[in-house]
Amino acid sequence: MEAPPVTMMPVTGGTINMMEYLLQGSVLDHSLESLIHRLRGLCDNMEPETFLDHEMVFLLKGQQASPFVLRARRSMDRAGAPWHLRYLGQPEMGDKNRHALVRNCVDIATSENLTDFLMEMGFRMDHEFVAKGHLFRKGIMKIMVYKIFRILVPGNTDSTEALSLSYLVELSVVAPAGQDVVSDDMKNFAEQLKPLVHLEKIDPKRLM
Amino acid sequence: MGKRNQLVEVLGSGKRLKGLRVDAVYNPNTTDRKQPGYPMPMRSCYLTGVCTPSPWLFSPPFYVSYSFIWVTNLFLLVQREEKQLEASLDALLSQVADLKNSLGSFICKLENEYGRLTWPSVLDSFALLSGQLNTLNKVLKHEKTPLFRNQVIIPLVLSPDRDEDLMRQTEGRVPVFSHEVVPDHLRTKPDPEVEEQEKQLTTDAARIGADAAQKQIQSLNKMCSNLLEKISKEERESESGGLRPNKQTFNPTDTNALVAAVAFGKGLSNWRPSGSSGPGQPGQPGAGTILAGTSGLQQVQMAGAPSQQQPMLSGVQMAQAGQPGKMPSGIKTNIKSASMHPYQRPSCLVFILAVPLRCKVKKLLGQEEKKNARLQLW
C-alpha cells in the first residue's frame with residue numbers, strides 16, 4: 001500500500017498517544033429494555049444518559065489510494081455543545097491475548113464551523129448518519145447502545161430512516177498505548193452481558 | 001482410680017467411712033440392676049456390718065465373721081462397678097472431646113470463612129456433629145455402661161481461691177471452684193423454669209385426645225405438602241423461564257451491518273448507486289462526491305458552461321434530487337454558479353449537473369477505477 005496522504009503514524013508529541021479499545025455487538029429492538037436494565041445494574045450509578053448525534057465523515061483524497069478520514073459529530077439534542085472531531089486509525093485485530101480491537105484515536109472538541117473549515121482544507125463529506133441511544137459508564141469503560149439512522153435527504157437530519165431493527169452496542173476504552181490489560185476488563189464485562197448481547201472484536205475490513 | 005478409691009477404703013482404727021454413697025445392689029451376689037428396690041443406699045447396713053468390732057477385742061476393729069464374706073463380695077462388686085464406671089467414663093470423655101473438637105472447628109469455620117462458606121460444607125459439618133452425637137448416645141445406652149444418673153457427686157470443698165489444677169482440666173474455663181459456679185457445673189436437672197415448661201408441655205400433650213392429635217398431625221402434613229408443591233412449582237417455572245429467553249436477542253447480520261455502517265458508511269447513503277467502488281474515488285459520481293460538491297473533476301468539467309437560471313432551478317432541482325433518471329434539459333445553465341463556489345456545502349445543482357456526466361465519466365474512468373478500487377481500502 002502506498003503512503004497515506006497525511007501521516008497515519010500515531011500522533012505523538014504534545015498529546016499522549018491514545019488508543020481506543022473496542023468491542024462491538026448488537027441487540028434487537030425488542031430486547032433493548034432488558035439490556036438497558038442489565039447495564040444500569042452493572043454500570044456506575046449515574047443518571048441514565050441519552051444522546052442524539054449527527055455524524056459526518058469527511059475524506060481527504062490525495063494522489064494515493066487511501067483517503068484520510070475524519071469524523072465530525074455534533075449533538076442534536078444539546079444546543080451549544082461543542083462539535084467533536086475524531087480521527088480513528090486503522091484497526092488492529094491483534095492476537096488472542098488481546099480481547100479487543102485496537103485503533104489509534106485522537107479526539108478534539110471544536111467550534112461549530114468545523115465543516116466549513118474542513119471543506120476549505122479540501123475535505124469532502126463521504127457519508128453521514130444520525131445516532132440515537134444511551135450512554136453508560138463503568139470506570140474508564142464506555143458503553144454506547146445506539147440506533148443508526150440513515151439520512152434520506154442529504155444534509156437534512158429531520159427525515160431519517162432506521163438502518164436496521166437492531167441497536168449497535170459498543171464497549172470502548174480510550175487508554176494510552178500498550179495498556180492491553182484493559183482489554184481483560186472489557187472481556188469480563190462483555191461476559192456479563194451474554195447471552196443478551198455478544199460483544200466481539202469485529203474486523204471491519206472483513207465486512208467491506 | 002486414685003482419689004475415689006481412697007474414699008472407698010474401709011479404714012481401720014475407728015475412722016469413719018466417708019464421702020461415698022455406695023450404690024450397691026440389695027443382693028450383693030447379683031448384678032441385676034433391675035431387681036426391685038434398686039438402687040438402695042446400703043450405707044447404713046454396710047457400716048453396721050463393717051464397723052461393729054468384736055466387743056472383747058480393743059483394736060483394731062475387725063469384721064464380724066458373718067459379715068466378712070458379705071463385705072468381700074461387696075468389695076469385689078464395688079470394684080467391678082468402679083472399673084466399669086471408669087471405662088465408660090473414659091469412653092464418654094473421648095466421645096465428648098471429639099464432639100467438642102468438631103464443634104470448635106465448625107464455629108471457627110463459621111466465624112472465619114463465612115464469606116466463602118458453601119452450603120454443602122455446612123451440611124458436612126452438621127452431618128459430622130450428628131454422627132458424633134449418635135455415637136455418644138450409643139455409648140450412653142450401652143448395656144455395660146452404668147447408669148450415670150445414679151452417681152452422685154458431692155462437692156466436698158468450695159474455695160474462692162484459684163485452682164490451677166481445675167484451670168488446666170477445664171482448659172481455662174473454670175478458674176475457681178466456688179459457690180458461684182458449682183450450682184451450674186454440677187447441675188443434673190434443668191432449670192426450674194424449664195422443668196416447669198416441660199411439665200406443662202407434657203400435660204398439654206396428655207390432655208389432647210388421640211383423635212385430636214391425629215387431626216393436627218394431618219393438617220400439618222397437608223400444609224407442608226402444599227408448601228412443597230408451591231416451591232417446586234415455582235422452581236419449575238423459573239427454570240422454564242430461564243430457558244425461554246432462547247429467543248434471539250441479537251442478530252449477527254445486523255451486527256455486521258451496523259459495524260460496517262459506522263466504520264465506512266456502508267448502507268447509509270442509499271442514494272449512492274450500488275456497486276460504486278468506494279467513497280474516495282475522485283471524479284466518481286457517487287453520492288459522497290455529489291454531496292460534498294467539491295470534487296475537482298466535476299468542477300473542471302462544468303466550469304465552462306453558462307449560467308443564468310440559478311434562482312429558478314435551485315427549487316426545481318431540489319425536488320428532483322432523488323430521481324437522477326429524469327433530469328431537466330436546462331441543467332447545464334447552472335454550471336457557473338456551482339463553479340463560483342467550489343467549496344460550498346452540498347449543492348443540489350452540482351448533483352443534478354453531475355448526473356448526466358455519470359455515464360461519460362464512468363466510461364472514461366472505467367478501467368482505471370476498477371484498478372483503484374482494488375487498491376483502495378475504503
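The values are calculated or read from the model by the stated rules, or taken from the named source; none is laboratory data. Given the structure is predicted, the values throughout are model-derived calculations rather than measurements. FYI the Cβ positions are ideal-geometry reconstructions off the backbone, even for glycines, and counts take in every protein chain you see. Only protein heavy atoms, including side chains, enter the accessible area calculation; ligands, DNA and RNA are left aside. Shrake-Rupley method; radii C 1.70, N 1.55, O 1.52, S 1.80 Å.
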Carbon and sulfur atoms account, in whole percent of the 1.4 Å probe accessible area of segment B:118-167, for 61
Cα gyration tensor of segment A:18-203, axes a ≥ b ≥ c as square roots of the eigenvalues: rounded (a/c below 1.5), prolate (a/b > b/c) or oblate? oblate
Highest-fluctuation residue, A:Q179, A:Q192, A:Q63 considered, GNM on chain A with Cα pairs under 10 Å: A:Q63
Buried accessible surface, A vs B, both sides, probe 1.4 Å, in Å² to 100, equals 4000
Name the residues of segment A:37-66, by number, that are at least 30 Å² less accessible with every protein chain in place than in the isolated chain; the surface is that of heavy atoms, probe 1.4 Å, without ligands or nucleic acids. A:K61, A:A65
Short version: which residues of segment A:155-171 lose at least 50 Å² of accessible area, all chains versus chain alone, 1.4 Å probe? A:L163
Please compute the net charge surrounding A:K205, taking Lys and Arg as +1 and Asp and Glu as -1 over other residues with Cβ under 13 Å from its Cβ. +2
Accessible surface ranking that places the most exposed of A:D203, A:D29, B:D211 first, with a 1.4 angstrom probe: B:D211, A:D29, A:D203
Sequence of B:L128, A:L39, A:L28 from largest to smallest accessible area, 1.4 Å probe: B:L128, A:L28, A:L39
Regression test value, accessible area per residue of segment B:122-197, probe 1.4 Å, units Å², expected 81
Using θ = phi - 60° and the Karplus curve 6.51 cos²θ - 1.76 cosθ + 1.60, what whole-Hz ³J(HN,Hα) does each residue of segment A:141-154 get, with Gly and Pro shown as x? 7, 10, 10, 10, 10, 8, 9, 9, 10, 7, 9, 6, 10, x
If I ignore ligands, DNA and RNA and count only protein heavy atoms, how much of A:H127 is accessible to a 1.4 Å probe, in Å² to the nearest 10? 0
Taking a crude spin-label model, label points 7 Å out from Cα along the C-beta direction, the B:S130 to B:S225 distance in nm is 2.3
With every protein chain in place, the accessible area of B:K189 for a 1.4 Å probe, in Å² rounded to the nearest 10, comes to 120
Summed over the other residues with a beta carbon less than 10 angstrom from that of A:R86, with K and R at +1 and D and E at -1, the charge totals -1
Loop only per DSSP, at most 16 neighbouring Cβ atoms within 10 Å: give me the trypsin sites (Lys or Arg not before Pro) in segment A:10-109, ordered by residue number. A:R78, A:K96
Assuming a ≥ b ≥ c are the square roots of the Cα gyration tensor eigenvalues, decide whether segment A:27-133 counts as rounded (a/c under 1.5), prolate (otherwise, with a/b larger than b/c) or oblate. oblate
Of segment A:181-205, those with amide N under 16 Å from the point 7 Å along the Cα→Cβ vector of B:K247 are A:195-197
Over chain A, what is the relative contact order in percent, taking alpha-carbon pairs closer than 8 angstrom and at least six residues apart? 30
With every protein chain kept in place and a 1.4 Å probe, the residues B:I154, A:I36 fall, from largest accessible area down, as B:I154, A:I36
The set of residues whose placed amide H lies less than 5 Å from the amide H of A:E200, leaving out same-chain residues fewer than 5 positions away, is A:Q24, A:G25
Would you mind telling me the share, in percent, of accessible area of segment A:18-203 contributed by carbon and sulfur at probe 1.4 angstrom? 50
Note on segment A:164-208: alpha-carbon gyration tensor, axes a ≥ b ≥ c; rule is a/c under 1.5 for rounded, else prolate if a/b larger than b/c, else oblate; result oblate
With the 1.4 Å probe rolled over protein heavy atoms, chain A has an accessible area per residue in Å² of 48
In whole angstrom, note down how far apart the Cα centers of segment B:85-145 and segment A:108-134 are. 77
